[in-house]
Each structure stands twice: as C-alpha cells, then as structure tokens.
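Notes follow the structure.
The values are calculated or read from the model by the stated rules, or taken from the named source; none is laboratory data. Just so it is clear, the model here is predicted, and its values are computed rather than measured. A quick note on method: Cβ atoms are made from the backbone with ideal geometry, for glycine too, and the neighbour counts reach across all protein chains shown.
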C-alpha cells in the first residue's frame, strides 16, 4: 500500500499546501461510524394456536461522521498521485485547489444527510 492516507486528520498549510505521492494513491477520508438498528419480532401464537416464532429484524442503519479528513490551506492546495480519492472529506484552498491524478480518475464521494422521519442517508459519487 504505497501512497498517502489521511483518515480523519488535518493537513494544513499557509501559502502553498502540497500533498503528493509518486508511487501510489492519495486518500482523504473522514472517519464514519455505522450502527445497525434491530428489533425482535414475534409471530404466531395467536388465534390459530400456531407455534410462536421470534426473529431479529433490521429496520435501519445510522451513520455519523466522527472526524472530517481535511487537506486545506490559506493559499493554493495541490494534491497529486496515481489516484486521488476523497471520501466525505474536504480538499480546498482559499486561493484555489488543484488535483492531479496521473493514472486513474479522481473520485469524490460526498454524503448528504437529510432530516426525514425515517432517517435517510444519501451517498453521491462524482468521478472526474
């Protein structure tokens, strides 16, 4: 695994922030925790005197972002690698942001959380 992995950390510079990997991937990722919501369901044993059965049902999944992976700067931010992947993180420079992938696409996966009655999480992947 050659390359740079920033998992929930912060890489910050002043005039120019440069993150490069000649031999591998640059990965900027937020730490995300996921929990499965389950409940016990009992069926049968009612009017027809069938044998009651109990099973566990999954009724939802919750996700929360614990630490946002950041590559930021007061000036220009330059990120270069054979491959660049940003998962729910921030890559930005106040004066501009330049991303260069030498072999593969640049993948930016963002998560939009919506406040709905049943709690929906939507994931969007943008490949450039």
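Here are the numbers:
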read-out	value
Options 87, 91; residue that is under 12 Å from residue 18 (Cα atoms) and buried (at least 16 other Cβ atoms within 10 Å of the Cβ)	91
Criterion: touching a strand residue (DSSP E or B) at 6+ places or on another chain (Cβ under 9 Å), at pLDDT 90 or above and within 23 Å of residue 3 (Cβ to Cβ) - qualifying residue of 30, 21	21
Unique match (being part of a strand (DSSP E or B) and surrounded by fewer than 15 Cβ atoms within 10 Å (Cβ to Cβ)) among 33, 21	33
Test for residue 63: is it in contact with a strand residue (DSSP E or B) (Cβ under 6 Å, 6 or more places away or on another chain) and at pLDDT below 85	yes
In region 16-36, the residues that are under 10 Å from the mean Cα position of the chain (by Cα), under 25 Å from residue 95 (Cβ atoms) and without any contact (Cβ under 8 Å) to a residue 60 or more places away in the chain	30
